[in-house]
Every structure is written in C-alpha cells, then in structure tokens.
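Worksheet: one structure, shown below.
Just so it is clear, none of the values below were taken in a lab; they were calculated from the coordinates. These numbers come from a predicted model, not from an experiment. A quick note on method: Cβ atoms are made from the backbone with ideal geometry, for glycine too, and the neighbour counts reach across all protein chains shown.
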Amino acid sequence: MILKNGDELSEDELTGLLQLEDEKKIESLYRRAYREKVKQVGKKVYFRGIIEFSNHCQKNCYYCGIRRDNQELTRFEMSREEVLESARWVYENGYGSLVLQSGEVQAEEYAEYIEGIISEIKEMSGGELGITLSLGEQNKSTYRRWFKAGAHRYLLRIETTSSDLYDELHPDDHGFQDRLDCLKDLQDIGYQTGTGVMIGLPGQTPADLAGDLKFFQRQGIDMIGMGPYVPHSGTPLASGDNLPEDLDEKNLDLSLKMVSLLRILIPDVNIAATTALQALHPRGREKALKAGANILMPVVTPQKYRDNYKLYENKPCIDEKAEDCRGCLKNRVKSIGEEIAYNEWGDPPRYFRRLGSRTAELGGEIDAENAAG
Ligand code: 5AD
Ligand code: SF4
C-alpha cells in the first residue's frame, strides 16, 4: 500500500495514513511495519527493567498524576539499598539493562544521590548492566556527571512537538525550548537519546502527530517511547467534560498506527511497546509489538510503591511483584511467536550508524566505547 521508500514519506502523507479507517488497510500497514522490524532487529524483544524510585516532582504538567499539586497520593522515595536491591534483581534475572525513573528534581543533593547509585550499579554488575536514566530536565553539567558515572542512555519525552500544544499542556514556567535544549545537550554528551510523545491529547491533530514523526527522523533519535494519553482524574486536563467517550479506543488505534509509521519511517530505531497501551487494552503491548515495536519495559518497582506511581489511571501491574511481571511478560512475548533477548543491552542499529558518522565528524571526541558499552 505504501509504494515509495518509507523514509521518504512526507508529513502530509503521514497525516493521511494516520487517518486510515479501512480495517484491511490498517492491518496491511501493521504487517508492513512488522516485516520491517523483523528485517532490522529480528523477532526479538529487549527488556528494560524500570525502577520508579521516587514520585517527588517539582513540575506541574496538567496531564500527570504525580504532578506537584496533586495531594491525593503519598510521596515516597526508595532508599539507596532498595534501589540497589531492585537493580540486582534486574541483573540476576537477565534483563540486560535498567531504567531509573522519577519525577523531576533539580537539586545538588539529588544529583549526587543519582551519581552514587549509578556507580554502585555499575560496580555491582561488573559493568554488565546497561543504565538508562529518565529523570527529566537537568543542566548540562548534571547530565555529563551522570554520563561519566556510567549511564549511557537517557529518555526525555518532548511530549508533543507542537509548541502551541506544549504551552497548553504545561504551566508558564515549563518551556518547550528548554526541553529541546535538554535533548540537544544529551545528544552532544553522547547519550543514546530517547524521546517520545503522548498520543491522543485533547487538541492534538493528526498533522501534529505526523510532525512528531518527522521530528524524530530529523533529530537523529535512537529510541522512541510513545504512548496513548490516558486521563488521570486528579489532573486539570482530565477534569471537566471535554473528553470523548470513545477516547480509549481512538487513542489505542492512533498509538498503533504511530508505532507502525515510525517503524516504516525510521526502520532501525528502538521502539517501546509502552505500558500505557495496556491501560487501554489487555493485549495493548502485544499489539504494539506486532505493529513494529521491539522493546518492553517491565516494571520492577517494589509492589508497595506502585500504587503511588500512577501517572495515568488504570495503570496495569499495580498489584504485581517483579517476579509476576517477569512470568507474565514472558508468556505475552511467547504468545506472539517472539523471544526475549536476555542479557543483552539491545542497542538500536541506528545508534551505531549515527555514532560512527559523528565520531568521524568530531575527530573521535565521543568515547564510542564508553557511550555504547
Ligand atoms: N497519560 C499518558 N502518559 C502520561 N505521562 C504523564 N502523564 C500521562 C498521562 N496522563 C507520560 C509523559 C511523561 C512520562 C514519564 O509519562 O509522557 O514524559
Ligand atoms: Fe513531573 Fe514528569 Fe509528571 Fe511532568 S510528566 S509532572 S515532570 S513526573
């Protein structure tokens, strides 16, 4: 159905494809994306165990359940020992790499805490465990400090590339340009940089989403984590009666199309089948894997903290322990005829291609070995 090379699809064409309604055509889009994924990375799924170690956040994004002004939850911070224990679990269970995620905190004490944890995880795993950070906007020296300590990937979603929509979704002191600058800093330092958007936000158009896809392509992004917007009742964006009844169904459908189009547009990128998909459909994550995604991020946060880390409603796996999620995801991956690549970092082919050309460009300034492990 898409005749030309996928990487040449224009923004207008992508906008049109996002609005496909014919079931047969949509299925054929998924199939084409899946073929591309298998060609690029095989029938393999990489795991990133995610430790959501603190729900303190200085920000107040209008859509997020752990925003600063939400009083309806208990704030927590896992101790250093607890984080290390979870990291050890990830390592011993062969996940290959982990993600440290929390709300956004900009403070020297916090930067030091994270730096120490990164070093200890490196030491505990003899450098074998890949470390990804998802800790929001920070200044460049903090990013550099954490990179030097041993983190090699960073996830920072742009949320939407429409600056007008970004402004509508955030208070005045949250800047779209700041977010862009942070992404640039991360790439300059040599992190494998991941970003992403929410899909189906109030006021977001298919043209906005097509713009998001083109942004990922232009920016040389290595990893994408895009998920449906799922309302959280304790947030300003979800209050009021402006949300359509079939929002969940629509957002699932749009999210799967976005995954497929992204795989076709940037074939060698890593794409996460995000947990939020499962808030909309019991097999949401498997559907995304069949539509072109290749990464799963099992939650390994201790069960007692999970209920207080709900960025959106109906978050799955709240009552589960890390062990339960391990078995459950194993079965889910098996059910679609794929296998989990244990004990591998699972870097995207794109990263090495990009790093090769950038290292040459900078005369070897980036320490390729450190950055890629
Ligand atoms: N629905 C879906 N995703 C959300 N996030 C925050 N709130 C929501 C929501 N209501 C996502 C944002 C953020 C990531 C950590 O979680 O994209 O970057
Ligand atoms: Fe904080 Fe991130 Fe939620 Fe915004 S999206 S309120 S920065 S945790």
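Values for this structure:
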quantity: Length released on extending from E112 to E92, taking residue separation times 0.36 nm less the Cα-Cα span; calculated: 4.6 nm
quantity: Semi-axis lengths, Å, region 1-157, gyration tensor of Cα atoms, sqrt of 5 times eigenvalues; calculated: 36, 22, 15
quantity: Max mean-square fluctuation residue, GNM over the chain, Cα-Cα springs under 10 Å, options D185, D164, D253; calculated: D164
quantity: Extension gain, L20 back to T205 (0.36 nm per residue minus Cα-Cα distance, nm); calculated: 65.2 nm
quantity: Where labels lie 7 Å past Cα in the beta-carbon direction, separation of N314 and T74 in nm; calculated: 2.7
quantity: Partners for K330 among lysines (Cα-Cα distance below 20 Å; same-chain residues under 8 apart left out); calculated: K37, K43, K44, K287, K290, K315, K321
quantity: Simple spin-label estimate for K304 and N343 in nanometres, 7 Å along Cα-Cβ; calculated: 3.3
quantity: Three-way shape label, region 154-229, alpha-carbon gyration tensor, a/c 1.5; calculated: oblate
quantity: Burial order of peptide ranges 35-46, 327-338 (average beta-carbon count within 10 Å, highest first); calculated: 35-46, 327-338
quantity: Whole-number D in µm²/s for region 26-98 (Stokes-Einstein; Kirkwood sum over Cα pairs; 25 °C, 0.890 mPa s); calculated: 154
quantity: Relative contact order for the chain, counting Cα pairs under 8 Å that sit 6 or more residues apart, in percent; calculated: 25
quantity: Computed over region 30-110: relative contact order in percent, which uses C-alpha pairs under 8 Å that are six or more apart; calculated: 42
quantity: Share, in percent, of DSSP beta bridges within the chain that are antiparallel, nearest 5; calculated: 5
quantity: For q = 0.12 Å⁻¹, Debye-computed log10 I/I(0) when each Cα of region 88-242 counts as one equal scatterer; calculated: -0.58
quantity: Amide H contacts under 5 Å for S102, placed H, 5+ residues apart; calculated: S134
quantity: Directionally averaged shadow of region 175-273, computed from the convex hull of its alpha-carbon atoms, nm²; calculated: 7.1
quantity: Distance histogram for region 115-183 (every C-alpha pair counted, 5 angstrom bins, percent rounded to whole numbers); calculated: 3, 16, 24, 18, 12, 11, 8, 5, 2, 0
quantity: Gained length - L243 relative to C328, 0.36 nm times residue gap less alpha-carbon distance; calculated: 27.4 nm
quantity: E81-Q177 pseudo-label distance in nm [points 7 Å out on the Cα-to-Cβ vector]; calculated: 4.8
quantity: Debye, to nearest 20: dipole size of the chain, +1 on Lys, Arg Cβ, -1 on Asp, Glu Cβ; calculated: 1420
quantity: Ranked packing of 284-291, 304-311, most packed first, by mean Cβ within 10 Å; calculated: 284-291, 304-311
quantity: For the chain: span of alpha carbons on each principal axis (Å, largest first); calculated: 52, 50, 42
quantity: Over region 220-325, volume per residue of the alpha carbon convex hull, in Å³; calculated: 121
quantity: Pairwise FRET efficiency - N139 versus D7, Cβ, R0 = 30 Å, nearest 0.05; calculated: 0.30
quantity: Among 78-85, 155-162, the order from most to least packed when residues are scored by Cβ within 10 Å on average; calculated: 155-162, 78-85
quantity: At R0 = 41 Å, FRET efficiency that the Cβ-Cβ distance of S163 and S119 yields, to 0.05; calculated: 0.65
